[in-house]
1. Tell me, please, whether a residue that is more than 27 Å from residue 96 (Cβ to Cβ), surrounded by 20 or more Cβ atoms within 10 Å (Cβ to Cβ) and in contact (Cβ under 8 Å) with a residue 12 or more places away in the chain can be found in the stretch 151-158.
2. I'd like to know if the stretch 155-173 contains one or more residues that are within 16 Å of the ligand (Cβ to nearest atom), within 30 Å of residue 241 (Cα to Cα) and in contact with a helix residue (DSSP H, G or I) (Cβ under 9 Å, 6 or more places away or on another chain).
3. Which members of the stretch 35-90 meet the condition of being closer than 19 Å to residue 169 by Cβ, more than 16 Å from the ligand (Cβ to nearest atom) and under 14 Å from the mean Cα position of the chain (by Cα)?
4. Any residue in the stretch 12-41 that is outside the structural domain of residue 2 (by TED's automatic domain parsing) sitting within a Cβ distance under 9 Å of a residue that is within 11 Å of the ligand (Cβ to nearest atom) and assigned to a strand (DSSP E or B)? List the pairs, counting only those 6 or more apart or interchain.
5. Here are the criteria: (1) at positive phi; (2) at pLDDT 90 or above; (3) touching a helix residue (DSSP H, G or I) at 6+ places or on another chain (Cβ under 6 Å). Tell me which single one residue 117 does not satisfy.
6. Would you mind telling me which numbered condition in (1) part of a strand (DSSP E or B); (2) under 23 Å from residue 244 (Cβ atoms) residue 57 fails?
7. For the stretch 133-147, which positions are within 20 Å of residue 167 (Cβ to Cβ) and buried (at least 17 other Cβ atoms within 10 Å of the Cβ)?
8. Is it true that residue 212 is under 21 Å from the mean Cα position of the chain (by Cα), buried (at least 22 other Cβ atoms within 10 Å of the Cβ) and without any contact (Cβ under 8 Å) to a residue 60 or more places away in the chain?
Ligand SMILES: Nc1ncnc2c1ncn2[C@@H]1O[C@H](COP(=O)(O)OP(=O)(O)OP(=O)(O)O)[C@@H](O)[C@H]1O
């Protein structure tokens, strides 16, 4: 469903990503790991349209998408979360999920709140769907709370519910476990699996939390200095000497 081919990005002579290749099938959970500065965020930004490649491209369902704008890519069925959260903190939890459906389109907060402008053309997710998503992430009891008042772990789960309101085919998660304690991380692991099982979507995640990556992902790709140095099952990657070397003295 998703394929990067020869994907490369240079910043002022620095090769942030070099000749990257990845294939992702429907229903797969794949992790991208690597030391700081290895190119993970660059890869995410290239796939989601926030950066243009210097070379190569990205195909989604057979179509070249690397020259499309982020909103156009989102419309094709790719949703992403960001490091940290980007919730509408003053809107309720439920309103955040409903507004998630509009994130496929360039609506702003004022339009979401008023239901006017572009928000009128692109209506929010139905109340039924929003409640279903809230139930899945375990936040129905706090549906009326302002999103900003939730503990951080719950905000991360809300972000996932909001991304799912766009009914994506591919969900990209940028360090979903950052800032979570081990029990919140375990809840997150189950949630991501449940989301995949229920909606059959593909999940691509960047993560530094090795426990989460090794227990959740079916396949892992390892980057170092912008290059793929290993790819395989968690067991294969963990026993790969190149990976151990890349992480020597690192954050793994
Ligand atoms: N907009 C930019 N301008 C210049 N250099 C950049 C830019 N974005 C990233 N880089 C450089 O590209 C390289 C790869 O960075 P990237 O953020 O993709 O790594 P990362 O693996 O996501 O790191 P981290 O784990 O710290 O988030 C780094 O050397 C970084 O300094």
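1. Looking for residues that are more than 27 Å from residue 96 (Cβ to Cβ), surrounded by 20 or more Cβ atoms within 10 Å (Cβ to Cβ) and in contact (Cβ under 8 Å) with a residue 12 or more places away in the chain, one finds none in the stretch 151-158, hence no.
2. yes
3. Within the stretch 35-90, 73, 74, 77, 78, 79 qualify.
4. As it stands, the answer is none, since no pair meets every condition given.
5. All conditions are met except number (2).
6. Failing condition for residue 57: (2).
7. 133, 134, 136, 137, 139
8. The answer is yes for residue 212.
The values are calculated or read from the model by the stated rules, or taken from the named source; none is laboratory data. Given the structure is predicted, the values throughout are model-derived calculations rather than measurements. Ideal geometry is used to build each Cβ from the backbone, glycine not excepted, and the neighbour counts take in all protein chains shown.
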